[in-house]
Amino acid sequence: MAKIFCIANQKGGVGKTTTTVNLAASLASQKQRVLVVDLDPQGNASMGSGIEKMGLSQTVYHVLIGLADIKAVKLASETGGYDVLPANRDLAGAEVDLVEIERREERLKEALSPVLADYDFILIDCPPALSLLTLNGFCAANGVIVPMQCEYFALEGLSDLVNTIKQVHANFNPNLLIIGLLRVMFDPRTTLQQQVSDQLIEHFGDKVFKTIIPRNVRLAEAPSYGMPGVNFDKSSRGAQAYMEFGTEMIERIKTM
């Protein structure tokens, strides 16, 4: 039975999509069956997995509003080795269309139920806002992985996200937990980043993943080739870090 994780942070530009596709590729390379759910209307996780979003006739939008079955919509990522429930700009309309639907916050959870036995991991790439789409992700998930940069404003945003997760835990999904905080785009030469990293460990303890993802040009280049950085340049520091992160995730699941 699949473990479902949201990759979420209310702050934009912190590497959510990069983390989603590279963790998926890392897990897939370690013989795990993985589904990526692209829940962001920008469709970057789909593009970063080698799927051309503009030509899609059906997407996660059609699954959420009940016009399509998940098994008919999901696609294989040839460059990543995992499956993708893709998204494009159609998904922006879901916010409006879902408002009138009963139990609208559980649409994704219900949609995923037929494929839970087909995967070991389901990774949900959430948009950078607390929207109805993000709420659907949180209601479907077992836990949240929070990628974050070690900067002052990131700490402020983190406290908001933690409060949001607590509210969802209390009102919608009692199974929802913070699985861990992943330090991304890390530059050890910067004193402030090192200080923020130390503060994270002090406050969150073992909730902070041991793996640190360095700032890496090859990771940034990979999406333009439609593939995860893990497979684009296996020898790069970023790819090796995400491979370590995949191993750490598999180990962490065993203790959950």
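Computed from the coordinates by the stated procedures, all read-outs in this text should not be read as laboratory data. It should be emphasised that the depicted structure is a prediction, and the values quoted were computed from it without experimental measurement. As a convention, Cβ positions derive from the backbone with ideal geometry for all residues, glycine included, and neighbour counts pool all protein chains shown.
General remarks:
- Top positive-direction residue, dipole computed over the chain with Cβ charges, set GLY12, VAL144, LEU64: VAL144
- With bins 5 Å wide beginning at 0, the percent of Cα pairs of the range 3-254 falling in each bin runs 1, 7, 15, 19, 21, 18, 12, 6, 2, 0, 0.
- Label-point separation, ASP118 to ILE253 (7 Å along Cα→Cβ), nm: 1.7 nm
- With the cut-off at under 16 Å, measuring from each backbone N in the range 69-113 to a point 7 Å along the Cα-to-Cβ line of GLN167 picks out 105.
- Separation of the range 215-256 from the range 129-188 is 20 Å, based on Cα centroids.
- Remark on VAL37: its backbone amide H falls under 5 Å from those of LEU85, LEU123, ILE124, ASP125, a criterion applied only to residues 5 or more positions apart or on other chains, H modelled at 1.01 Å from N.
- Per-pair calculated FRET efficiency, R0 = 22 Å: SER224 and ARG89 via Cβ, rounded to 0.05: 0.70
- Here LYS207 is the anchor, and the lysines within straight C-alpha reach of less than 16 Å, apart from those fewer than 8 places off in the same chain, are LYS166, LYS254.
- Cα convex hull of the range 187-230 - mean projected area over all directions, nm²: 3.9 nm²
- Calculated mean residue ellipticity, 222 nm, the chain: -12000 deg cm²/dmol, from DSSP H runs (n ≥ 4) at -39500 (n - 2.57) each, averaged per residue and rounded to 500.
- Förster radius 45 Å - calculated FRET efficiency between GLU151 and ARG33, Cβ distance, rounded to 0.05: 0.80
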